[in-house]
Amino acid sequence: MDDGASPGGPGVSEDGEGLPMPRRIWAIIAVSFGTALFVLDSVIANVALPTLSRELDVSEGAVTSVVTIYQLVMVMGLLPFAKLGDRIGHRRIYQIGQVLFCSASALVWFIDSFAMLLVLRALQALGASLALAVASAMIRNIYPDKSLGSGLGVNSVVVASSAALAPTLGGFIVAHFSWQYVFVVAVPFALLSLLLGRSLPNARPGAELDGTGSAWSAVTVALLIGGVQLAAHGGTLLPGIAAFVFGALSAWLLVRRERQQDRPVLPVDILALPAVGLSALAGAVAFCATGLLTVSLPFILEQKLGYTPDQVGLLLLPFPLTMLIFAPFTGWLSDRVAPTKLGLFGLAILIAGFVSFIFLPADGSYFDVAWRLVTCAIGFAFFMPPNSRLLIGSAPRERAAAAGGVLSTSRLFGQANAAALAGLMLGLGLGLGPVPFYVAIALSMVAGLCSLTRYRTIVAQRRMAQYVQTGA
């Protein structure tokens, strides 16, 4: 499997050696600040949801739209913007996204209604989508082929660090300041990333745009995720189901159309590779499982166990801190050990962690919550970097941006559906009990089945290739 970088462009290695030093270091720092920005802004809102529900006088099911609309708009744009990045350059579209994000964040200071908050969250997400669509492709271009797993591990450290900061910071903000601060606190990361932006790789522009495929892809994602979110609101269950069914039909028709394209917006060519397609599916359902935990748990801790918002932030801290410790190790290990073996091992631990939450005492202490979160985080850390490494490293070099779009789409598609499912469960009165953890267990099992199927398929293909060569 080819682990190289995308071709062309100044500063983009075509031989898999990555950027030269010291430019590589500055590029890593720039991408790290950008990644921290979008993770922080996405995660920090989770802790604030109960407070926003009270302050803005909206229902618990509806308030999850603050998270879902952000993730929905991001997912809608990832594949079309990855294609756009191939057209105008990865670095340019990355920085355009950060400028848009900063502008939308500044406007949050001037609003005090739930409707306007959702509009600005959508604009923030549009900026985030522009940048994330090409972020993974740039990571592949920054690092040498032999260190791709380690590079993704470093990126996981940034994700975990930002996620570690977000609950504590979010809890502190909603307890002591106006809720608007929650949505602008990540802006300094964007400014720092912009200052270092010249060091980033920039693949050669030139790919043709496909307006029809881009719009179709965005609408399909909106129907799929929006349908689940619509069903979370009272009285709209049937319209939500209808939207999801139309989304599934649209996806089927889009796949048929994209199979006829040379460089499709929906990358059906690389998704047909088991190491890419099944890794993307496994990643989506695993992110949905862990997202269900992180969205549902603040409601359980605050409304069922009686913790305050700032205490909830501290209670959630063990998960990202554990990821911070284990993710770089598993990233490094995935360059040396079969990613599927690491992933299945991690999913087994993750399932054990979800099972333990079913038996969380009604008067659960910090320790009761912490060791359960640590268990889940260790399992997810053994799954995420190896799965990402296999997906990115298995795509052809010239399809690096498309593979990066698939990776980001799978993560955010899972997280957006997690927020929608959490809202649906809260709306049905099931969100404060064990139901979210049962669903998370089932999703983790699906991820394991995808990983196992991927391994068996790849092994079978290699044996067939060896047989053909021997026979020839």
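The values are calculated or read from the model by the stated rules, or taken from the named source; none is laboratory data. Please read these numbers as outputs of a predicted model, since none were measured by experiment. Please note: Cβ atoms are built from the backbone with ideal geometry, for glycine as well, and neighbour counts cover all protein chains shown. Please note that ligands, DNA and RNA were not included when accessible areas were found on the heavy atoms of the full protein model with its side chains. Shrake-Rupley method; radii C 1.70, N 1.55, O 1.52, S 1.80 Å.
Odds and ends about this structure:
- Candidate set from segment 209-228 (those that are among the small types (Gly, Ala, Ser), in contact (Cβ under 8 Å) with a residue 40 or more places away in the chain and surrounded by fewer than 21 Cβ atoms within 10 Å (Cβ to Cβ)); member that is nearest to Leu254 (Cα to Cα): Gly213
- Out of Asp363, Asp310, one residue alone is part of a helix (DSSP H, G or I), within 27 Å of Ala48 (Cβ to Cβ) and not aliphatic (A, V, I, L, M). It is Asp310.
- Scope segment 21-31; condition within 22 Å of Leu165 (Cβ to Cβ) and open to solvent by less than 30 Å² (accessible area, probe 1.4 Å); matching residues: Ala30, Val31
- One residue from Gly393, Gly429 being surrounded by fewer than 24 Cβ atoms within 10 Å (Cβ to Cβ) and not in a helix (DSSP H, G or I): Gly429
- Scanning segment 269-283 for residues that are open to solvent by 30 Å² or more (accessible area, probe 1.4 Å) and within 16 Å of Pro80 (Cα to Cα) yields Asp269, Leu271.
- Selection status of Leu407, of a type outside the set (Gly, Ala, Ser) and open to solvent by less than 20 Å² (accessible area, probe 1.4 Å): no
For (1) surrounded by 18 or more Cβ atoms within 10 Å (Cβ to Cβ); (2) modelled with pLDDT of 80 or more, each residue gets a yes or a no:
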| residue | (1), (2) |
| --- | --- |
| Leu424 | yes, no |
| Gly448 | yes, yes |
| Ser451 | yes, yes |
| Arg456 | no, yes |
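- Residues of segment 284-313 satisfying the condition of being open to solvent by less than 20 Å² (accessible area, probe 1.4 Å) and of a type in the set (S, T, N, Q): Thr290, Ser296
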